[in-house]
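Contents: one structure, followed by commentary.
Read-outs: derived from the displayed coordinates by stated rules, not from any lab. Note that the structure is a prediction, hence the values are computed from the model and not measured.
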Amino acid sequence: MKQLFLLATTVILAVAVNGQQSRYISVAGFTTQTAMPFAKFSGLFTGIFHPGAEIGYGKNFKVKAKHDWFAELKLAYFFHRFVQHGIPLYANMGYRYKISSRFMVQTAIGAGYMHSIPATAKFKLNDNGEYKNNKGIGRMQAMATYSIGGGYVLNPSSKKTITVFASYQQLIQMPFVKSYVPLLPYNSFVMGIKKQIR
């Protein structure tokens, strides 16, 4: 499974780096909750707050009057209280529909790597019957994402536009704990801003 995510990430990155189409950078904040896909949207605002932040680099590799195809590379950090610190690095490929010069909707799928660091102390019993710290530097994990959202262009007549965006994202971390929770799903609400740089 990890080989499949590595292949998907490599393909998306190859598309994002090649060519001369428009490119952009983004920064966003998000809140996240563990839940089955699309099962806990209201809990993102009323439940326990698990904050995160994300930076990204993207490229529109096929641009039409009403449609864009794009690829993105993103690096994020989030804190899930009592569970983990998550550091995802992943690539997205998506489709954007431009409703007008200012409004757009989009969807994307992605895959990549997540580094998971336990958020609480972790101990292991040694041969002498003593508990030793076993937290370490974390675990390597694979991840997959799906998102749907929209955006508003603040300056549509500019050559380098600035867009405010929001999206609902589903992230699946795997394998979380093979014996009882092999797949850990997260629902996230993401808000941010992106600026065209080329």
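Observations on the structure shown:
- Residues with amide H under 5 Å from that of residue 154, placed H, sequence gap 5 or more: 162, 163, 164
- Per-residue 3J(HN,Hα) values for the stretch 49-63, derived from phi via the Karplus relation 6.51 cos²θ - 1.76 cosθ + 1.60 with θ = phi - 60°, read 7, 10, x, x, 9, 8, 10, x, 10, x, 9, 7, 9, 9, 10 Hz in sequence order (x marks Gly and Pro).
- Hz values of 3J(HN,Hα) by residue in the stretch 96-104 - Karplus curve (6.51, -1.76, 1.60), Gly and Pro given as x: 10, 10, 8, 5, 8, 5, 10, 9, 8
- Residues with amide H under 5 Å from that of residue 35, placed H, sequence gap 5 or more: 186, 187
- Residue 83 long-range amide H proximity, modeled H, under 5 Å: 119
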